[in-house]
Amino acid sequence: MRAAVFEGEGRLVVRDVDDPLPGPDEVLLEVEACGICGSDVQIINVPPGHPSTPPVVIGHEFVGWVRAVGDAVQGVPIGTRVVVDPDPKCGACEPCRSGRPANCVNIVALGVHRDGALARFVTAPADSVYRIDPGVPAEMAALVEPLACVVNGTNRAAIRPGESVVVFGAGTIGCLFIAVFRASGAGRIVAVEPSSVRAEVARAVGADLALSPEDWAARRGGLLPQGADVVVDAVGSVLPQAIEAAGMGGRIVVFGMNGNARPPVHQIEIVEKGLTILGSYISNFTFPAAIRLVEGGRLNLAPMITAVIPIDETLAGIDRLRSGEAVKVVITP
Ligand SMILES: [Zn+2]
Ligand SMILES: [Zn+2]
């Protein structure tokens, strides 16, 4: 089968590999669609902004069909359409048993440390799959995984009706935050995004305003004189700007993944404003909610899909993401 394989040191190659076989507790899935994530781009960057274990088939935001199951698997019928939690939690470690599976210490992430879904077939632990309605368009179903991660972040932000929001970065994650906050009754939502293409999508999914960083700096005093109640860093390197944007008692969700970011932080502002800083990046019992949101059509996510392309064009898709001129690029293997 064709697969997008990360071979180390910035090298991503689309080539033929052997079809995988499911282990006793695993299912074999035929991939229908798989999104390219910002963390995939970080894996390929030199130096990498996200760890991985090459050689590995990347891709973790996907929907597929169960084609075979291991000997020990029960309750997952062949032919079921599923989305997958690519960060399978063990259920046995201290964080899992304390109700914080996002902090599981035994996660072996699909598409990062074991083979993922930028390929025709992928195997996954049977207890990491979730049924999804066959009527949901494939590219929407592929958004369930990042949405489940974002719902964990919005749950942690615990937004109340009418609260103001600033979201830095209007890629996939930023746009999903905007859509969920809008559906949750937020007041004014401002996106800060240098790309005019992404800014347009941010407005389409629910932002009242989408401004360049320069325009935000010039206008923020007039737009949100008290500062924002909730701020999201969906870039992964703008915590100082997020602290500056937050009002008294504000909550900041730091979400973006960039292992190279070490910005200087003016920490007395955290003290004086009484800020709460919430780190978040994967799902936490949030797949069922994300599936319901997508199946029910509760969010306007269609504007986020920039392109649906075949697997042999994966490298071109990654270039589009790097350029900032794309939000979500989806691959059909
Ligand atoms: Zn991702
Ligand atoms: Zn665990």
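Below is a table of values for the structure above.
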item: Filter pass, N45 being among the polar types (S, T, N, Q) and within 16 Å of ligand 1 (Cβ to nearest atom); result: yes
item: Test: P161 is touching a Lys or Arg at 6+ places or on another chain (Cβ under 9 Å), more than 17 Å from A234 (Cα to Cα) and at pLDDT 95 or above; result: no
item: Residues of the stretch 87-103 satisfying the condition of being small (G, A, S) and either more than 16 Å from ligand 1 (Cβ to nearest atom) or at pLDDT 95 or above (or both); result: G91, A92, S98, G99
item: Unmet requirement for S52, which otherwise passes all of (1) assigned to a loop (DSSP other than H, G, I, E, B); (2) of a type in the set (S, T, N, Q); (3) under 28 Å from P137 (Cα atoms); result: (3)
item: Pair list, Cβ < 6 Å and 6+ apart or interchain, from the stretch 29-42 residues that are under 13 Å from A3 (Cβ atoms) and more than 14 Å from ligand 1 (Cβ to nearest atom) to residues that are at pLDDT below 95 and not charged (D, E, K, R); result: V31/P333
item: Counted residues, the stretch 273-291 - those being within 20 Å of V238 (Cβ to Cβ) and either open to solvent by 60 Å² or more (accessible area, probe 1.4 Å) or outside any loop (DSSP other than H, G, I, E, B) (or both); result: 6
item: Given (1) open to solvent by 10 Å² or more (accessible area, probe 1.4 Å); (2) over 29 Å from A183 (Cβ atoms), index of the condition R131 fails; result: (2)
item: Set T80, T53: member being within 30 Å of D312 (Cβ to Cβ) and open to solvent by 60 Å² or more (accessible area, probe 1.4 Å); result: T53
item: Test: residue in the stretch 68-82 that is within 20 Å of A148 (Cβ to Cβ), touching a Ser or Thr at 6+ places or on another chain (Cβ under 8 Å), more than 16 Å from ligand 1 (Cβ to nearest atom) and in the same structural domain as I318 (by TED's automatic domain parsing); result: no
item: Residue in the stretch 125-137 that is in the same structural domain as E26 (by TED's automatic domain parsing), free of Cβ contacts under 8 Å to residues at least 60 places away in the same chain and assigned to a helix (DSSP H, G or I) present; result: yes
item: Of all residues making up the stretch 32-53, the number that are among the hydroxyl-bearing types (S, T, Y) and modelled with pLDDT of 95 or more; result: 2
item: In the stretch 219-251, the residues that are closer than 12 Å to V166 by Cα and in a strand (DSSP E or B); result: A228, D229, V230, V231, V232, D233, A246, G247, G250, R251
item: Candidates P194, P95, filtered to the one that is open to solvent by 30 Å² or more (accessible area, probe 1.4 Å), out of contact with any Phe, Trp or Tyr (no Cβ under 8 Å at 6 or more places or on another chain) and outside any strand (DSSP E or B); result: P194
item: Subset of the stretch 107-131 (residues that are in contact with a Lys or Arg (Cβ under 6 Å, 6 or more places away or on another chain) and closer than 18 Å to W65 by Cβ); result: none
item: All positions within the stretch 107-159 that are within 13 Å of ligand 1 (Cβ to nearest atom) and farther than 28 Å from L315 by Cβ; result: N152, G153
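Conditions tested, residue by residue: (1) farther than 17 Å from I132 by Cβ; (2) within 16 Å of ligand 2 (Cβ to nearest atom); (3) not β-branched (V, I, T).
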| residue | (1), (2), (3) |
| --- | --- |
| E30 | no, no, yes |
| P51 | yes, no, yes |
| R67 | no, no, yes |
| G75 | no, no, yes |
| I78 | no, no, no |
| K89 | yes, yes, yes |
| S98 | yes, yes, yes |
| A102 | yes, yes, yes |
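The values are calculated or read from the model by the stated rules, or taken from the named source; none is laboratory data. Computed from a prediction, not measured in an experiment: that's the story for all the values here. Reconstructed Cβ throughout: ideal geometry from the backbone, glycine too, with neighbour counts over all protein chains shown. For the accessible areas, the whole protein counts, side chains as well, though only heavy atoms, and no ligand, DNA or RNA atoms are used. Shrake-Rupley method; radii C 1.70, N 1.55, O 1.52, S 1.80 Å.
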